[in-house]
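What follows is a single structure, written as C-alpha cells, with notes after it.
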Amino acid sequence: MEASWSVVLLRTGVQLLAFPIYLLWYLGLWGPFCKKAFPHIMARLALSYNEKMAPKKKELFSNLKDFAGPSGGLTLLEIGAGSGANFEFYPAGCRLICNDFNDHFSKFLDKSLSQNRHLQLERRMIAPAEDLPQIPNASVDVVVCTLVLCSVESTERVLKEALRMLRPGGAFYFMEHVAGAPFSWSLFWQQIYDPVWQILFDGCHLARETWRDLEKAGFSELKLWHTRAPLPWHPSQPHIIGYAVK
C-alpha cells in the first residue's frame, strides 16, 4: 500500500523520536532485551485484552467440541501460546500442545496451566511456527493462533504448516489485529507507527492484510468476519476473527 506524503512525514518524525532504540537495535542490544522483556509486557497486556475480548473469545471457541476426533477427544495445538491467555476458553479434557518461539514465556505459561487444571498438557515446544516437524501430518483436531500472525516471518508458511498438521475436517481458529480499512484513520496511524512498532514489539506488524493469506491458503471452508476490538489504542482495533476448516 502506497503511503501519502503526510504519512511519510509523520513516520519520519516518529522514527527520529525512536532514534535511541534504533541505535540499540543496530548495535545488537535491543533484540536480546526485547526477547526477555516482551513476555512480561504481553502477560500484563493479555489480562486487559482478555477482559475486553472475553465475549468474542467465548463466541469464537464455543464450537471447539464440534471438531473433536473420531474417539470423541479434542487434540488442540496452540501456535504462539505465549502466556496461555486462551486456556480458560478451552473445553474440559482438551489435550493441549503448546508452541512458542520465545522460551521466556515459559514461567507465564506454567502459571496459566496451574490455573486451568481442566486441560491436559501433552507437549510443549520452542520452535518457529513456520516449521514444526515434531508434529506429524494430520495429527491434531484444532490449531489455534491468536495475535501471532502479525509477527511471524511468513504468514503463508504458518498456514501451510497448520494445514499439514490438521486432520481432514479439522479447524484453524484465529483472532488477529490487522490493517484498517482503506482511507481509514486506523490505517493512517498504522502506516505511521508500523516501522517503530515492529522493533518495539518483537516483529509485530500493525498493517498486515492477514485475511488475504487466509483466503488463499487452501482451506475447504472459511468463516471470517471483520470487527473492531474495544481497545484503547486506535491502530490495534481492526481485527479479524473466525475459523477455517481443512
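Here is how the numbers come out for the structure above:
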{"item": "Heavy atoms of HIS226: accessible area, 1.4 Å probe, square angstrom to 10", "result": "110"}
{"item": "Hull volume in cubic angstrom per residue (convex hull over the Cα atoms of region 1-106)", "result": "176"}
{"item": "Additional length obtainable on full extension of the chain from VAL245 to GLU59, 0.36 nm per residue less Cα span", "result": "65.3 nm"}
{"item": "Fraction of accessible area attributable to carbon and sulfur, region 1-138 (%, probe 1.4 Å)", "result": "60"}
{"item": "Theoretical gain in end-to-end length, TRP233 to ARG44 [0.36 nm per residue, Cα-Cα removed]", "result": "66.5 nm"}
{"item": "Taking the chain and dividing mean pair separation by its residue count, relative contact order in percent (alpha carbons under 8 Å, at least six apart)", "result": "19"}
{"item": "Helix-only CD estimate at 222 nm, as mean residue ellipticity for the chain, using -39500 (n - 2.57) per DSSP H run (n ≥ 4)", "result": "-12500 deg cm²/dmol"}
{"item": "Gaussian network model of the chain, Cα within-10 Å springs - most flexible of ARG208, ARG117, ARG11", "result": "ARG117"}
{"item": "Estimated D of the chain in µm² per second, where Rh is the Kirkwood radius over Cα pairs and Stokes-Einstein applies at 10 °C, 1.306 mPa s", "result": "84"}
{"item": "Calculated SAXS-style log₁₀ I(q)/I(0) at q = 0.15, 0.18 Å⁻¹ - region 130-246, Debye, Cα scatterers", "result": "-0.66, -0.90"}
{"item": "Calculated Rg and Dmax of region 187-237 using C-alpha coordinates, Å", "result": "13.3, 37"}
{"item": "Per residue accessible area in Å² of region 1-88, where ligands, DNA and RNA are left out and the probe is 1.4 Å", "result": "61"}
{"item": "Pairs of alpha carbons in region 108-195 whose separation is greater than 15 Å (percent)", "result": "70"}
{"item": "Under-5 Å amide H pairs with MET125, H placed in peptide plane, nonlocal only", "result": "CYS98, ASN99, ASP100"}
{"item": "Pair LEU121, LYS223: separation of 7 Å Cα→Cβ label points (nm)", "result": "3.0"}
{"item": "Crossing angle, helix 5-17 versus the chain [Cα axis fit, 0-90 degrees, rounded to tens]", "result": "90"}
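The values are calculated or read from the model by the stated rules, or taken from the named source; none is laboratory data. It should be emphasised that the depicted structure is a prediction, and the values quoted were computed from it without experimental measurement. Neighbour counts are summed over all protein chains in view; Cβ atoms, including those assigned to glycine, are modelled from backbone coordinates with ideal geometry. These accessible areas exclude ligands, DNA and RNA; they are computed on the full protein's heavy atoms, side chains included. Shrake-Rupley method; radii C 1.70, N 1.55, O 1.52, S 1.80 Å.
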